[in-house]
1. When the distances between all Cα atoms of segment 166-226 are binned every 10 Å from zero, what whole-number percent does each bin get?
2. Per q in 0.15, 0.22 Å⁻¹, report the Debye log10 I(q)/I(0) for segment 61-140, using one uniform scatterer on each alpha carbon and no solvent.
Amino acid sequence: MVDRVLGQLSLADGLVWSDVTELDQISRVIDWVPIKALLGQRSGPGRGNISYPAEALLRCLLLGVWNNLSDPSLEAQLRDRLSFRRFAGFSLSDPTPDHSTLWRFREELKCDGLIDRVFYEITRQLEQKGLIVKRGTLIDASFMQAAARPPAKPEATARPSVDGEARWGRKGNKTVFGYKVHNGVDDAHTLIRRMDFTDASVTDTEPADGLIIGDEKAAYGDQAYYTHARHARLKQAGIKDRLCTEPTSTIR
């Protein structure tokens, strides 16, 4: 299997990509060399199927998380949005990954805690450049709908045959068959510092302790994250507990 060659720009690319976007600025701030070293080489020696480079797929997943997109929605946006294509390293003529490719790569990252090491490196760089001030961490979760057709009944405990990992989950009035992305975000710049992926049936509060870094001054979240035990742990660590104890729809 060999890596695709991406980003070979044509005259048309130069004509339509004249404006500098926020994504361009983020791309320039991050040193991708150590991140690429962590990801390693997806392709092996010899001929075979052509694969997307790991860095390009990681950039795609970052776009999905930052914009709260499911894999099918991210697939569509990568085809259509010029700023997304440029950030991920695709020229106008490059094919972009489909939702199943994005899902498989996410599963690769989850192995051996690789996704944690990648986000640690991104966070380390941003902290070094003064872009994360450690003032507070906002913890939150969002659904990602599975690409597979869901089973007929939304039973969180049932193991569906259409997707061996996806589950039904409910948050408020929203019910989704798929997965959840749990984020620990710097509240000053909305930069992701920690991330966890689970099936949709996992409650918001279960992975929450792992999203709190330990060096922030405060932790923020809605009522789903408040427990007496978590309050005690935050107090012991010298972190102000700003988790809501009453229902609210204002924290995001």
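1. Percent of Cα pairs in each bin: 21, 50, 26, 3.
2. The Debye formula, applied to the Cα set alone, gives -0.69, -1.13.
Every read-out reported here was derived from the displayed coordinates using simple, explicitly stated rules and does not represent laboratory data. Here the structure is a predicted model, which is why all the values come from computation and not from measurement.
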